[in-house]
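Comments concern the structure below.
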Amino acid sequence: MKTRTAKLLILFLVTHLLSTQHIFSQEKTISGNVVDETGLPATGVNIIIKGTSRGAQSDFDGNYAIKASPGQTLIFSYLGMETQEQVIGTSATINITMKEDAQSLDEVVVTAMGIERAEKTLGYAVSSIKSEDFEEARETDVLQALQGKLSGVQITGGGGGVGTSTKITVRGLTRIFGDNNPLWVIDGVPISDSNSSDGGISGGANYGNRAQDINPDDIETLTVLKGASAAALYGSRASNGVIVVTTKKGKGKGVTITYSSTMRFDSPLRLPDFQNSYGPGSLGVYSEADGDNIKDASKGWGPAISSGTAYTDYAGNLQTFTSNPDLQKDFYDLGSTKVNSFSISGTSNEGKNNYRVSTSYSSNEGILPGSSLDRLNLGLKAGSELSDKLNSVFSINYINTGIDGAVATGANDPNILTSIINTLPRITNIDVFKPWVADDGVTQLSPVDADGTNNPYWIVNENQRTADTERFFGNVALTYSPIDHFSMLGRVGYDTYNTKYFRNNHKGTIGLLEGNYRQSTTSRNEITLDYLATYDNSFEDFDVTLRGGMQWNQRTTDIIGNIGETLTIPELFAPGNVASNVPFNNYSQTRVFGAFGDFTMTYKKWLTLNATARNDWSSTLPEADNSYFYPSVALSFIFSDAFNIKSNIFSYGKLRGNWANVGSDTSAYQLDYLYYPQSSWYGQFSTGGTFPFDGQLAFSGPNSLPNSNLKPENQLSKEIGIELGFFKNRFTLDATYYKTNTTDQIIALSTSPSTGYSSAWTNLGEISNTGFELELGIKLIRAKGFKWDVNYNFTTNETIIEDLGDLGVYTMASTYNGLTVAAGEGQSIGLYGNRFARAVDENGDTIEDQILVGSTGLRYEGNTERLGDIMPDFTMGLTSVFSYKGWRLSTTFDWKEGGVLYSQTVSNLRTSGLAAETAVDRETLFVDPNTFVDNGDGTYSENTTPIPSVQSYWSNYSAARIHESNTFDATYIKWRELALSYSLNKKQLKKTPFSSLRFSLQGRNIAIFNTSIPHIDPETNLFGSSSNGGGIEYNGLPSTSSIGFGVNVKF
Amino acid sequence: MKNTIIKAKYLLILSIIIFSLNGCTKDITDINEDPLAVTTVPPYLLFPEVIVNMSSQRVIEFAGSNMHAQQWAGSGGTWRSRSRYTLGVPSVNNAWTNWYTTCLKNLSLVELLVEKDYPDDIYIVAQAKILEGFIYSNITQVWGEVPFTQAGNPAEYPYPVFDSQETVMEGIVTLMDEAIAILEQDVDSNIVDDLIFEGDKAAWIRWANSLKLKMLMFMANKKPSEVSSRLQEVANSALIFTNEQEAKLQYSSEIGNENPKYTFINNFWGGNINLWYAGSPLVNLMNDLDDPRRATYFDQNTNGVYVGLVQGFTGVAFASKINVNNILAETPDRYSTASETYFLLADAAANEYISGGLAQANTWFLEGVTLALDYFDGSLGEISQTDKDTYIASLPDLSTLTKEEALDYINDQHYIALFGNGIEAWNLWKRTKSVDFDVPNLSGATDIIRRYTYSSNEAAANINIPTEVTIEDPMWFEK
């Protein structure tokens, strides 16, 4: 199959390149000039001949030309402007003045399969972002640029590592197991957004999610299709929502060259608030004469730094206590982000051929010494109108991404860095760790603790973690319209990437003194073939569109790698240089074939009914149950037009509603009982070994019990919405209420290990998501060149686990010490962990406000219980754009309210006596307020015993085993972006070669407010974007704040 | 004309696409087969996975049981936590999950595969049963009441009940009886060339009998009259009687096949012992006996003597470390030893569970001590013949002592001989209490640890898990 498709692709390419001949016709050329209400040239206005796919665009001076016949109608459209129609008469010139449409109600939205539909006729909610929003404060990661700008989505960054992943979920988690990430579709073709991370809690590094490969400069529009209805035609994977990206194409007359450059500097947004008054030691004492030494001593519970106590530093030199308040700042570098983009685009042959070539180079130096990301994007998109009846589009993208020095997070790995950096005694001069390696190249100098903890510079300089990705994606599409009102589309889409991962522990790394390396390559490819036939006609008051099509999709992933243990030559990472090699290989292939139909009927432009139906056949399900059918219905009713109730105040009103059903399959190979050859055996503390053992090979049955009777999942969604416009659409409102129910989830259910299996595949449970979304658009000022627009969005979503079968709680992700993210029946997804012991009443119920203390006056550990929701109560975003003449000032804030976050960093800082709050009143032995003592006879009395020491209070209170005290409300408000730009006007540019020139100052993640969590940025995610876990920070790298400037020019 | 040609070309391509789409529907159902796995294997291929994983748990995951047996003491980090009874969720989960899902599951698959594809190879089933019994003996010695009768059968018992320790131990004895019955048949059956005995049928029978002896001795503590005749029967059967016959997994210096404790000290401590010290009860006992194995087991402290550390304390300046010669790449995991057989027999005779009285007990006792001393012959810890003779001569004739005094000698020697085999030494203490243990400093405990808490994975998925179990709850077999 693979070769068949490849040949097809080549055939497409060749025929496409041969097809640039001129095509004769008998029409005349219509030309003219398009201006806006102020009389300035309107650039980029779409001019389409009604009923055909032929079109042109106005150039920078507002001029256009198009071949058309008398009697045909030209449609002039532009986002944000009212669409106008002009019938071609005898004149060859048609000049048009475009009028601003305060609300872009005539927007065209790209929906399923790349089908364009007027937003007015949609029966479901969509949110869109346009190219300007990506240019303002250029991000290397598309998703980061969406923060705060869309309703119905939740976007969470992964912390401060270069290229780390950003997780996006649309309308909450619909699954407690498996994929919740939306489907990414570029120009009609699905592409992969898989997260490349190599392990979660055990020192995993996160190399980002593949949507980051998209060049933000290539995006014309990005639309989020939120409900299942919007997505029914994409098939199963669309049940998580779809992100539809339409890329820019060549337009206008002649050639346009653009160049933009951005340079920004990154520094930690928030570093912990450290104390700077106490040195290492215990109970205020540090005495090397009595056996204390800096490697074993508690980090911040010693004597006052001002005491000038003598000590031997990590390098073995005799020193006296001196405060180093900037210790962490000194360790982190000033990061930088440089993006240079270049594109050439244009049209030829009177708009019949268009092309756009773009290239972008992003280079990002992280705040972690030695970390960097370099990305090259190349894009080519070309379209050609081969005849009246035949149209072709071709696009190809090449991306090369290299990440160096990704940071390990979590625990149980010698390379966990943040915990080392954060818990150095305050007297440490970071330069004590330089040099980190002796002249022999393998002996580590100045380790933090020779029995367990490495020198931080050793980790960043000697132990590398890199990922290099090479990717191609693109598509070829042909549209053929043999007769009026009928067209056929054939399209081949291909997405393939190879990622090479490498990580090593240098010889001499404490915990892996002999050194090791791990190398692997992940290859993934996805082929999508589409065929779509469309019939489109109008009968008096009715407009009817009928579509039918088929889709074939194949996804293949192949992972192959090797772990080499015990290096001979220290820096030679070759299989022959190590004492043992453990090769590994993973492979999976899935296919889905779908057939679908879509019927749309609009009555008098104000009532639209859209019905879709699709049937999928999936390779992952049992043959008897591998086919599943799913329909949807959507209705749009523009009541302001139907009842003609427009006034100066009320200008637009639309009601919409939809009902949809989507089926889903699962991953490959979950049906048969299989035996797997084993290449290694497990041992705690990385002591595992390899097979063959004494010459014998090993096989094992599966850990997860397969199920040959799986059936498809089902998701049912209902949505109603209203769109209102007031004051000539200067104020618009779009509100949506929805409910989705996902049933029969295909899940690897945790089972009792004593059954012989850790999990078993089954269909189980029901999850509901209920939510409300609101988008407000306010054009506050429109006067004398002043413009002030404010956009606001609000999202709330509640996920409830309605049914878990026999199960009370289902664990979705876990860390050490019993802290888990879990789904409990009747509740939303929550964080579960140990709490302090509390008093119980006569019924055995916990008395919430009576925390117990032991005989020493210290609290102790109680039961494992729910600590809170990991999802926010609501999120909202506010964007303001103020413009005057060439000046434009835009800013975005976003607010996330509620949810909880466990912080291991806070636990570390407090137990080690380094957090600022632990230095307050160190000598005062207070009684822990509102605590009680268990009298042992069912009664409790108020605690009167003071704490033994402030050190023991914090060491106990914030101990990692007690999750309650390290769990905080995750609320925050972030000032996401601020950009001030100035565009030179035509007059100023007259003597230059430029047609446009813009300078900008920009800042991203400028500040964080209103957060109750101490020391860290609550926007973080240990688990990466592919896991359903969240709500846990585990030694993450601080996130960054950046400021810089940019320039954009056009020729 | 040109136009038409182009159109024709494109129409052709469109039809190819349509054709491909139609053609591909057939490919949907037949690709869901993992190219890197198989639907059946010869059963012998499952044994290495079972044996090597089982031992990895015993050797490194339960390295802390050496601290619970108070033969070792951890002076810092994880090891001090183990000394102070902080077990850590991963350790509790890892061993439980590994033993049930990796080891016992694959053993049940062995029986299934033999039944399905190799019905004549009944000896393989016997080998699987003995290993199953041995793994359950480890599980019950760590957790007490555990799933046994309903384990490993998810279709029928998704929530296996927790059987009493008596049921589990009786069940292990039954497994051994079944296995011996199979192995004693003279049939044409293949036997697995296994990592323990290289397919020696007689050796497997000896191990089965030795395991039976151990289980019966645990039960004799609780119901002596019921088991004494069965003990007598076992005492008269083929047991592990020589050091060459012992059941063990031999690690090697072959990379990837090393003892995991060795890998640990190599990765973290550059091949030295840093945080593992001698436990005070064992050192005190051996000092009292002037035991020549002290030099084998421990390093002398800076004053040239052997001093043990009380569990949970950190003052290590004058304490003896564990001798690194006990943690070599090839150090085996010893499952059942010859000295253990003799100490158990001596114990049974002294207790009058079996015949022979203290005179017979003394014979077996001396056999046990001799085998324990001889074990180090040819190794770095070899004990000289003079030292052996002097030591054995220093021991009293048990027949001249009271029963209690005799038992004390037997169990003390048994305890010393189990050095490095934490799970067995810890459980010997639970059964005999022959040595006085310390409640660890700063452990929050009021008694000696008897068992581990149940796996949180099991607790999360099994509604039948017992609640309110603490680590200080004595085992059923304790007196």
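The values are calculated or read from the model by the stated rules, or taken from the named source; none is laboratory data. Keep in mind the model is a prediction, meaning the values are calculated, not measured. Please note: Cβ atoms are built from the backbone with ideal geometry, for glycine as well, and neighbour counts cover all protein chains shown.
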Picked from the range B:433-460 (must be farther than 19 Å from residue B:85 by Cβ and touching a residue at least 40 places away in the same chain (Cβ under 8 Å)), the residue surrounded by the fewest Cβ atoms within 10 Å (Cβ to Cβ) is B:457
Okay, strands (runs of 3 or more DSSP E) sitting entirely in the range A:586-679 with 2 or more residues that are in contact (Cβ under 8 Å) with a residue 12 or more places away in the chain, more than 14 Å from chain B (Cβ to nearest Cβ) and of a type outside the set (Val, Ile, Thr), I get A:607-618, A:627-637, A:650-664
Given (1) in contact with a helix residue (DSSP H, G or I) (Cβ under 8 Å, 6 or more places away or on another chain); (2) surrounded by 24 or more Cβ atoms within 10 Å (Cβ to Cβ); (3) facing another protein chain (nearest Cβ under 7 Å), residue B:97 misses just (2)
The correct count of residues that are at pLDDT 80 or above and either in the same structural domain as residue A:534 (by TED's automatic domain parsing) or outside any strand (DSSP E or B) (or both) in the range A:51-82 is 6
Here the residues within the range A:769-802 that are surrounded by 18 or more Cβ atoms within 10 Å (Cβ to Cβ) and outside any strand (DSSP E or B) are none
Filtering the range A:478-536 down to residues that are at the interface with chain B (Cβ under 10 Å from one of its Cβ atoms) and without any contact (Cβ under 8 Å) to a residue 24 or more places away in the chain yields A:513
- Query: Does residue A:832 fit the bill of being crowded, with 18+ Cβ neighbours inside 10 Å, within 14 Å of another protein chain (Cβ to nearest Cβ) and modelled with pLDDT of 90 or more?
  - Reply: yes
Quick count over the range B:241-256, residues being under 17 Å from residue B:54 (Cα atoms) and at the interface with chain A (Cβ under 8 Å from one of its Cβ atoms), is 3
Any residue at all in the range A:315-331 that's of a type in the set (Val, Ile, Thr), more than 23 Å from the chain's Cα centre (by Cα) and surrounded by 15 or more Cβ atoms within 10 Å (Cβ to Cβ)? no
Here the residues within the range B:60-69 that are part of a helix (DSSP H, G or I) and more than 8 Å from chain A (Cβ to nearest Cβ) are B:65, B:66, B:67, B:68
Residue hits (the range B:436-466; assigned to a loop (DSSP other than H, G, I, E, B) and within 11 Å of chain A (Cβ to nearest Cβ)) are B:444, B:453, B:454, B:455, B:462, B:463, B:464, B:465
In the range A:141-169, anything in a loop (DSSP other than H, G, I, E, B) and within 20 Å of residue A:182 (Cα to Cα) is listed as A:141, A:147, A:148, A:149, A:150, A:151, A:152, A:158, A:163, A:164, A:165
Of those in the range A:443-460 that are aliphatic (A, V, I, L, M) and in contact with a strand residue (DSSP E or B) (Cβ under 9 Å, 6 or more places away or on another chain), the residue surrounded by the most Cβ atoms within 10 Å (Cβ to Cβ) is A:459
Filtering the range B:257-279 down to residues that are within 7 Å of another protein chain (Cβ to nearest Cβ) and either under 21 Å from the mean Cα position of the chain (by Cα) or of a type in the set (Asp, Glu) (or both) yields B:257, B:258, B:260, B:263, B:264
Taking the range A:565-574 and the residues there that are within 13 Å of chain B (Cβ to nearest Cβ) and either surrounded by fewer than 16 Cβ atoms within 10 Å (Cβ to Cβ) or aliphatic (A, V, I, L, M) (or both), the one that is farthest from residue B:266 (Cα to Cα) would be A:568
Those residues of the range A:423-441 that are crowded, with 18+ Cβ neighbours inside 10 Å and more than 25 Å from residue A:308 (Cβ to Cβ) come to a total of 2
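How many residues are surrounded by fewer than 21 Cβ atoms within 10 Å (Cβ to Cβ) and of a type outside the set (A, V, I, L, M) if we restrict to the range A:353-380? So that I can check it myself, show each step before the final result.
We begin by selecting, within the range A:353-380, every residue surrounded by fewer than 21 Cβ atoms within 10 Å (Cβ to Cβ); these are A:353, A:355, A:357, A:359, A:361, A:363, A:369-370, A:372, A:374, A:376, A:378, A:380.
Those left that are additionally of a type outside the set (A, V, I, L, M): A:353, A:355, A:359, A:361, A:363, A:369-370, A:372, A:374.
Counting residues in the range A:353-380 that are surrounded by fewer than 21 Cβ atoms within 10 Å (Cβ to Cβ) and of a type outside the set (A, V, I, L, M) gives 9.
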The residue from B:178, B:166, B:198 that alone is assigned to a loop (DSSP other than H, G, I, E, B) and at pLDDT 95 or above is B:198
Residue A:1020 being polar (S, T, N, Q), assigned by TED's automatic domain parsing to the domain that holds residue A:406 and in contact with a strand residue (DSSP E or B) (Cβ under 6 Å, 6 or more places away or on another chain) = yes
Of the candidates A:746, A:781, the one satisfying the condition of being within 30 Å of residue B:37 (Cα to Cα) and out of contact with any helix residue (DSSP H, G or I) (no Cβ under 8 Å at 6 or more places or on another chain) is A:746
Screening A:699, A:685 for residues that are free of Cβ contacts under 8 Å to residues at least 60 places away in the same chain and crowded, with 21+ Cβ neighbours inside 10 Å leaves only A:699
Across (1) hydroxyl-bearing (Ser, Thr, Tyr); (2) surrounded by 20 or more Cβ atoms within 10 Å (Cβ to Cβ); (3) within 12 Å of chain B (Cβ to nearest Cβ), residue A:738 clears everything bar (3)
- Item | Residue in the range A:425-432 that is within 14 Å of another protein chain (Cβ to nearest Cβ), in contact (Cβ under 8 Å) with a residue 12 or more places away in the chain and not hydroxyl-bearing (Ser, Thr, Tyr) present | no
Quick count over the range A:803-829, residues being within 11 Å of chain B (Cβ to nearest Cβ) and surrounded by fewer than 15 Cβ atoms within 10 Å (Cβ to Cβ), is 3
- Message: Within the range A:500-514, does at least one residue satisfy the condition of being crowded, with 19+ Cβ neighbours inside 10 Å and over 19 Å from residue A:442 (Cβ atoms)?
- Response: yes
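Could you tell me which of the residues B:108, B:56 is facing another protein chain (nearest Cβ under 7 Å) and surrounded by fewer than 20 Cβ atoms within 10 Å (Cβ to Cβ)?
Numbers: B:56 fails: surrounded by fewer than 20 Cβ atoms within 10 Å (Cβ to Cβ).
Only one candidate passes the filter, namely B:108.
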Those residues of the range A:1003-1032 which are modelled with pLDDT of 90 or more and in contact with a Leu (Cβ under 7 Å, 6 or more places away or on another chain) amount to A:1003, A:1005, A:1006, A:1008, A:1013, A:1015, A:1017
